[in-house]
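Working notes, beginning with the structure itself.
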Amino acid sequence: MAEHTPLLELRGVHASYGRIEVLHGVDLSLPAGKVLALLGPNGAGKSTTLKVLGGLVPATHGCIHLAGRHINGTEPHKLARIGIAMIPEGRGIFPRLTVQENLRMASYAGVDTATIVERAFEQFPRLGERRGQLAGTMSGGEQQMLALARGLATDPEVLVLDELSMGLAPLIVSELYELVARVAATGVSVLVVEQFARTVLGVADLAAIMAGGRVTAVGKPSEIEAELTSAYLGAAT
């Protein structure tokens, strides 16, 4: 695939909750092996964009493509099998299962458990130390590591992260984004939704700003700095 060919692309995507349209023609392109930060305030449409991408909310108009393949309407578990790993807001782990049991749950996507566990503990040695611990008793940062490990267990082409920094101390957030940068360096494309720009722009290759259900600016982080005003991101800028 050419360097600038989008691996993941949304073209003119509209979506509604009942009669209320919340996405009004979203255009977004994620090149292969890059980190794209999707920024904007609460209510901008970021999470709905991810829900459409993840098959949880249907697109009423527009197209979604993965490596040129039309994937509108694909069920969430099938998206995992074709290369999209979603890590939802709130981490999406099973707090009453151990670390190893959580990893075993990722085998639904067709990868055997032994491979998943080995890969996870190699990438995240701290999880290996906690393998028998109940996930809900770990720190917030460790739980987010577990969510990342589960998402990466299926060897995805695209990793989608929703508010990775939520509820975590800045030092932990910085550590997690260093992990994201290392993941991207292996060739995985990463789409990160964040309300607070400074937590992600240090590792992003591209940034897009959403407001009012539309993408209003796209470019390298340095190129759209002028757009990161308090009207979009409040005190985070």
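Quick rundown of the values:
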| read-out | value |
| --- | --- |
| Residue check, GLY141 at pLDDT 90 or above and not aliphatic (A, V, I, L, M) | yes |
| GLY132 being at pLDDT 90 or above, outside any loop (DSSP other than H, G, I, E, B) and either farther than 24 Å from ALA32 by Cβ or in contact with a Lys or Arg (Cβ under 7 Å, 6 or more places away or on another chain) (or both) | no |
| Pick from region 146-163, criterion within 17 Å of ALA120 (Cβ to Cβ) and modelled with pLDDT under 90, ranking: nearest to the chain's Cα centre (by Cα) | GLY151 |
| Qualifying residues in region 1-16 (those that are at pLDDT below 95 and of a type outside the set (D, E, K, R)) - the one nearest to LEU56 (Cα to Cα) | LEU7 |
| Conditions (1) part of a helix (DSSP H, G or I); (2) under 14 Å from the mean Cα position of the chain (by Cα); number of the one not met by GLN143 | (2) |
| Checklist (1) surrounded by fewer than 17 Cβ atoms within 10 Å (Cβ to Cβ); (2) touching a residue at least 40 places away in the same chain (Cβ under 8 Å) applied to GLU163, failing item | (1) |
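The values are calculated or read from the model by the stated rules, or taken from the named source; none is laboratory data. Everything numeric here is computed off the predicted structure, so don't read it as measured data. Glycine gets a Cβ as well: all are built from the backbone with ideal geometry, and neighbour counts include every protein chain shown.
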